[in-house]
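Comments concern the structure below.
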Amino acid sequence: MAGDMKVLNALDSAKTQWYHFTAIIIAGMGFFTDAYDLFCISLVTKLLGRIYYHVDGSSKPGSLPPNVSAAVNGVAFCGTLAGQLFFGWLGDKMGRKKVYGMTLMLMCICSIASGLSFGREPKTVLTTLCFFRFWLGFGIGGDYPLSATIMSEYANKKTRGAFIAAVFAMQGFGILGGGIFAIIVSAAFQASFKAPAYEVDAVGSTVPQADYVWRIILMVGAIPALLTYYWRMKMPETARYTALVAKNVQQATADMEKVMQVEIGTEKKEPTSAVKSNNEFGLFTKQFLSRHGLHLLGTCSTWFLLDIAYYSQNLFQKDIFSAIGWIPAAKTMNAIEEVYKIARAQTLIALCSTVPGYWFTVFLIDRIGRFIIQLLGFSMMTVFMFALAIPYDHWTHPGNHIGFVVLYSLTFFFANFGPNATTFIVPAEIFPARLRSTCHGISAASGKLGAMVGAFGFLYLAQPQDKTKADAGYPAGIGVRNSLLVLAVVNLLGTLCTFLVPESKGKSLEEISRENEDSDEAGAQVDISHSSDSRTLPVK
């Protein structure tokens, strides 16, 4: 049985060592790049509108047409969804390590290519940008299931949640890094190339050099990924994949002895080249449905609902800040100044709420458990969204903006000290090794489907109900207030779906997934699973 293997027991009981931190940094830098690349586009979409869609004589700066804006903001999510499904499946078929380098190299190449989007006509530039951002997303998608699975399979059971959360927390630094770099670049260009506000000189407000700003911001995302490529290739395959899926305990033991710098050895009763597993059922079987069907539904539904709210907030916070007057009207700024103001606002939110939320999860997840953190996060996001939406008119009045920003920041804090972290962690723990990467990919892809709903839907929903006040090319929407109400209801549904997800704190991966059961025991306990293992109560 899996639970009897000395190498797996050694991993579960291992003290925190240097190789744990090395794995966090190697996997985490991939997530730094993921977040940087996915969210930096929101910093430059208004600049793209000014450069490529300027209308002579218009009272407002140029903006991306609805279909173009939706494509630029959402195409990376389409690629991410496809990459999560494909590389998640491939990680279970070929091994985590073999696929890990592919995703990173694809991200690096497409980050650089995005900034080199070519052509003189707006259609050509934006088409090539969308093409490369799709494949960028495809590479990013592979990083989700592989990073989570690798970290969960390397970690000990006592601090596994914190280690996986630490990898995911690098996403916060990626968002923060994108904002800080955009501030630096825009400030440098602003100082070097002075320009009047749009209302003073419509054409002169966008200097030709502004075209370099968005390209530099997009391309720099490749650097942190390139720095860790060598170390990714040096990582050995995870012991759990080698022993349980590739069925080579001897190789798994040798790899972990080298990594952990201890002698583990194999018992005589343990086969060294082939491990007999009694639980070989596939993904599309009744046995999987019976054991893990509700679990997969829970991880998919909560991630889907979370990302509707989370990505719509992240990608369109610049529009919300403009609506309440925290960012000045576009016509009062030049093109590069607008990038600076948007980046400054988003960096402040990331610094004060997004990053702290991730690290609260890291420090507390193995103490209070995944279930409580996710339930608390969804519940508080629901409360704060209603608090923003119901008295929305109050927040738009001068002097009340600070209160709005504080409440808005708290929704980000409880997203990250809550479901944004736990929806990433739990799918890497509760499924069998041979299906772990695939199931994590399916769960993550459900999340990206939610992100697309948020990215595409919020563009239209948040438009004013009066069509004359809507952005050029957009139909009338339901307004920011009603959009926030919709997001509050989405978070409430996420709270309810959390009850489908089991608690995994303090258990070994084989215990959670029931890989250490005999087939006879498993058959007798299938019916019991819904009254015990499927419950969401924390492990005592």
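Going highest first, how would you order 243-256, 108-121 by mean Cβ packing within 10 Å?
In decreasing order of mean packing, 243-256, 108-121 become 243-256, 108-121.
Within region 108-124, which residues have the backbone N less than 20 Å from the label spot 7 Å out from Met219 along Cα→beta-carbon, could you tell me?
Inside the label zone: 108-122, 124.
So with the 1.4 Å probe, I'd like the accessible area per residue for the chain, rounded to whole Å².
For the chain, the per-residue accessible area is 38 Å².
Could you give the length gained by full extension between Gln17 and Leu226, i.e. 0.36 nm per residue of separation minus their alpha carbon distance, to one decimal place?
72.7 nm
Place the peptides 126-137, 154-165, 17-28 in order of packing, highest mean first, counting for every residue the other Cβ atoms within 10 Å and averaging per peptide.
154-165, 126-137, 17-28
In degrees between 0 and 90, to the nearest 10, how far off the longest principal axis of the chain does helix 210-219 point, with axes built from Cα atoms?
The answer is roughly 0 degrees.
Determine ³J(HN,Hα), in whole Hz, for all residues of region 354-364 in sequence, where each value follows from phi through the Karplus function 6.51 cos²θ - 1.76 cosθ + 1.60 and θ = phi - 60°; x replaces Gly and Pro.
5, 5, x, x, 4, 7, 4, 5, 4, 7, 10
How would region 358-470 be classified by its alpha-carbon gyration tensor: rounded, prolate or oblate, with rounded meaning a/c under 1.5 and the a/b versus b/c comparison settling the rest?
oblate
Kindly flag which residue pairs out of Lys194/Lys331; Lys97/Lys258; Lys157/Lys286 have an alpha-carbon separation exceeding 18 Å in this structure.
Exceeds cut-off: Lys157/Lys286.
Go through region 50-57 residue by residue and turn each phi into a ³J(HN,Hα) via Karplus (6.51, -1.76, 1.60, θ = phi - 60°); whole Hz please, and just put x for glycine and proline.
Whole-Hz 3J(HN,Hα) from phi for region 50-57: 5, 6, 9, 10, 5, 10, 4, x.
In whole Hz, what ³J(HN,Hα) sequence does region 23-39 give by Karplus (6.51, -1.76, 1.60; θ = phi - 60°), x for Gly and Pro?
5, 4, 5, 5, 6, x, 5, x, 6, 4, 5, 3, 5, 4, 5, 6, 9
Just how far, in whole angstrom, is region 196-236 from region 1-69 if you go by their alpha carbon centroids?
15
If exposed GluC sites (Glu not before Pro) are those in a DSSP loop with at most 14 other Cβ within 10 Å, what is the longest stretch of the chain that has none?
Answer from the scan: 1-262.
Can you compute the modelled spin-label distance between Phe284 and Met105, with each label point 7 Å from Cα toward Cβ, in nm?
Calculated label separation equals 3.1 nm.
For the chain, what does -39500 (n - 2.57) per DSSP helix run (n ≥ 4), summed and divided by total residues, give at 222 nm, in deg cm²/dmol to the nearest 500?
Calculated mean residue ellipticity at 222 nm is -22500 deg cm²/dmol.
How much net charge surrounds Ala165 when only other residues with a Cβ under 11 Å from its Cβ are counted (Lys, Arg +1; Asp, Glu -1)?
My count for the surroundings of Ala165 gives +1.
If you fit an axis through the alpha-carbon atoms of helix 370-389 and take the longest principal axis of the Cα set of the chain, what angle between them do you get, 0 to 90°, nearest 10?
20
The values are calculated or read from the model by the stated rules, or taken from the named source; none is laboratory data. Here the structure is a predicted model, which is why all the values come from computation and not from measurement. Please note: Cβ atoms are built from the backbone with ideal geometry, for glycine as well, and neighbour counts cover all protein chains shown. These accessible areas exclude ligands, DNA and RNA; they are computed on the full protein's heavy atoms, side chains included. Shrake-Rupley method; radii C 1.70, N 1.55, O 1.52, S 1.80 Å.
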